[in-house]
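Notes to accompany the following structure.
The values are calculated or read from the model by the stated rules, or taken from the named source; none is laboratory data. In this text, all values refer to a predicted model and were calculated from it rather than measured experimentally. In this analysis, Cβ positions are derived from the backbone assuming ideal geometry, glycine residues included, and neighbour counts consider all displayed protein chains.
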Ligand SMILES: NC(=O)c1ccc[n+]([C@@H]2O[C@H](COP(=O)([O-])OP(=O)(O)OC[C@H]3O[C@@H](n4cnc5c(N)ncnc54)[C@H](OP(=O)(O)O)[C@@H]3O)[C@@H](O)[C@H]2O)c1
């Protein structure tokens, strides 16, 4: 069930947009994510215009107020279940009607269910693949066609270091993220001639609602740092693949080089 929440437009009193010199209009798919929240705060401080899309109308309203106070020039919101393919047409109709000249799309939603559930139930496994890959690829296909036609803009999507190698303890989530990374790689090549950037974002473990039940969560990276690095990547020239924090590029290079014969024996 989709419902449009009240559209709220706010002129920033800080004039941050004028100061930034490069206004951006950003659509955020999964705006209530802990990582997305931090990205949006940075973008709001720079006076960007935002269209927030997420499931909870209540949390969207709170976010609208928060980001407006922080300097966002305009904050629109739309509530929808993004994993529901039937909702995609209505989502894009809303974008076309209220935010047609957007220049950036950030895909941030995802789920990390208990891997054991996916092992025990095909339905749970397919849900996980749908949320993290199939629905994401479907949505990005719609947004990509629009940006390609206008020959401008940027698509950024949060995948994960978990997608770089299949592990015993989370290979369902990992395979969905790995598939999304491959999808983005191909999309980047397709959109390159049209001048549309595609950024693959691969965070290491981050302290958010997704991970706060984990015993080691206190050692994970602060979402503020990851949000800052993603916001910077959206604003300026950035690598096509952003590992955040950067150390994860080196960690994953090492992990990828562990021989399969040894890797299959590791229980993590
Ligand atoms: N935290 C980490 O360690 C980590 C590491 C690497 C990559 N990532 C990825 O980073 C992204 C953001 O995660 P996070 O860490 O910020 O966790 P989070 O705070 O739990 O955010 C996940 C978000 O996805 C939304 N979502 C899930 N299913 C949805 C659906 N069907 N429709 C609409 N929204 C949906 C959730 O909305 P509700 O609030 O409505 O449930 C929530 O806002 C995810 O793609 C995640 O896989 C996270």
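Quick look at the numbers
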item	result
Residues of the stretch 66-91 that turn out to be within 15 Å of the ligand (Cβ to nearest atom) and touching a residue at least 40 places away in the same chain (Cβ under 8 Å), as a count	13
Within the stretch 194-213, tally of residues that are touching a residue at least 12 places away in the same chain (Cβ under 8 Å) and within 11 Å of the ligand (Cβ to nearest atom)	11
Top-ranked residue of the stretch 109-127 - restricted to ones that are buried (at least 17 other Cβ atoms within 10 Å of the Cβ) and under 16 Å from the mean Cα position of the chain (by Cα), ranked as farthest from residue 175 (Cα to Cα)	109
Top-ranked residue in the stretch 154-173 [being farther than 18 Å from residue 108 by Cβ and assigned to a helix (DSSP H, G or I); ranked as nearest to the ligand (Cβ to nearest atom)]	172
Some residue of the stretch 228-242 being within 11 Å of the ligand (Cβ to nearest atom), surrounded by 20 or more Cβ atoms within 10 Å (Cβ to Cβ) and at pLDDT 95 or above	yes
Test: residue 267 is in a helix (DSSP H, G or I) and either surrounded by fewer than 14 Cβ atoms within 10 Å (Cβ to Cβ) or at pLDDT 95 or above (or both)	no
